[in-house]
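S.K.: What follows is a single structure, and I will ask about it in a moment.
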Amino acid sequence: MPLINLDQPAIEAIRKELQKKGLPLTLRIEIRSTGCCDASLSLVSNTAEESDLIESVEDLTIRMSPSTYELVGTVSISYVDDAQKKGFVLTSSKPLNEWEGFAACNIKT
């Protein structure tokens, strides 16, 4: 089973945002607490652990810990940029909460 699925707009948006900030083309998928809500998925730049699972798509490297992958399964990342919302949309094959694995975020540095 793949670690991630990325659509082309997400690949381009990730590349553009990381290059604009002068960061390497590497992201990590993490589970984060959102405060009063359930846990959700998050994109974080420039962090790595020796035990990470790694998948490369074009010139991007995506990392995830084995324990995160065990909890969430394959993560799909898309990008939305319209009048009502802008950002990355993450869904997981094993939902973390009643939102069916859905998370919307920007890349954290």
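The values are calculated or read from the model by the stated rules, or taken from the named source; none is laboratory data. Since the model is a prediction, treat every value here as computed from it, not as a measurement. Cβ: placed from backbone, ideal geometry, glycine included. Neighbour counts: every protein chain shown.
Residue by residue, here is whether (1) among the β-branched types (Val, Ile, Thr); (2) free of Cβ contacts under 8 Å to residues at least 24 places away in the same chain; (3) in contact with a strand residue (DSSP E or B) (Cβ under 7 Å, 6 or more places away or on another chain) holds:
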| residue | (1), (2), (3) |
| --- | --- |
| 7 | no, no, yes |
| 19 | no, yes, no |
| 25 | no, no, yes |
| 32 | no, yes, yes |
| 46 | no, no, yes |
| 55 | no, no, yes |
| 69 | no, no, yes |
| 74 | yes, no, yes |
| 94 | no, yes, no |
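S.K.: While we're looking at this one, here's another question. Looking only at the stretch 60-91, filter to residues that are β-branched (Val, Ile, Thr) and farther than 15 Å from residue 26 by Cβ; which one of those is surrounded by the fewest Cβ atoms within 10 Å (Cβ to Cβ)? Lay out the reasoning, then the answer.
M.R.: At the first step, the residues of the stretch 60-91 found to be β-branched (Val, Ile, Thr) are 61-62, 68, 72, 74-75, 77, 80, 89, 91.
From the residues that got through so far, the ones that are farther than 15 Å from residue 26 by Cβ too are 68, 72, 74-75, 80, 89, 91.
Values: 68: 19, 72: 22, 74: 17, 75: 25, 80: 14, 89: 17, 91: 18.
My answer is 80.
S.K.: I've got another one for you. Of all the residues that make up the stretch 13-22, how many are within 13 Å of residue 59 (Cα to Cα) and over 14 Å from the mean Cα position of the chain (by Cα)?
M.R.: Going through the stretch 13-22 one residue at a time, the tally reaches 2.
S.K.: Residue by residue through the stretch 1-28, note down the ones that are part of a loop (DSSP other than H, G, I, E, B) and within 12 Å of residue 89 (Cα to Cα).
M.R.: First, pick out the residues of the stretch 1-28 that are part of a loop (DSSP other than H, G, I, E, B): 1-3, 7, 21-25.
Passing the criteria: only 7.
S.K.: Only one of (1) at pLDDT below 90; (2) farther than 20 Å from residue 5 by Cα is not met by residue 51, so which one is it?
M.R.: (1)
S.K.: To continue, here is another question. Here's a check for you: in the stretch 2-59, which residue that is touching a Phe, Trp or Tyr at 6+ places or on another chain (Cβ under 9 Å) and within 17 Å of residue 96 (Cβ to Cβ) is surrounded by the fewest Cβ atoms within 10 Å (Cβ to Cβ)?
M.R.: Among them, the one singled out is 37.
S.K.: Here's a check for you: in the stretch 61-101, which residue that is part of a loop (DSSP other than H, G, I, E, B) and within 20 Å of residue 12 (Cβ to Cβ) is modelled with the highest pLDDT? Spell out the reasoning first.
M.R.: Within the stretch 61-101, the first condition is being part of a loop (DSSP other than H, G, I, E, B), and the residues that meet it are 65, 73-74, 82-85, 93-101.
This time we only want the ones that are within 20 Å of residue 12 (Cβ to Cβ), so: 82-83, 85.
On the way: 82: 81, 83: 78, 85: 78.
Checking each candidate, the answer is 82.
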